[in-house]
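One structure is given here, and the rest of the page talks about it.
Throughout, read-outs are computed from the coordinates displayed, never taken from laboratory work. Computed from a prediction, not measured in an experiment: that's the story for all the values here. In this analysis, Cβ positions are derived from the backbone assuming ideal geometry, glycine residues included, and neighbour counts consider all displayed protein chains.
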């Protein structure tokens, strides 16, 4: 299981990223689409790591919400 960060950009597109997998990003027109797309991106990212015999990073992201 991986944590994701989900947020809208200035154009209204929902962006998703997986902080424990550097460079693993996706997006979608809706929150649901962005979540579906990031799930696929995470799966493909990990498959590539396995295929290239590279270590899979552990999930280590800790959620911190700060209102500034």
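Details
- Gain upon complete extension [residue 31, residue 48; 0.36 nm per residue less C-alpha separation]: 3.6 nm
- Top of 54, 40, 32 by mean-square fluctuation, Gaussian network on the chain, Cα under 10 Å: 54
- In degrees, nearest ten, helix 31-51 long axis to first principal axis of the chain (Cα): 20 degrees
- Separation of the residue 65 and residue 1 label points, Cα + 7 Å toward Cβ, nm: 1.8 nm
- Normalised by 2.2 N^0.38 Å, where N is the number of residues, the C-alpha radius of gyration of the chain stands at 1.19.
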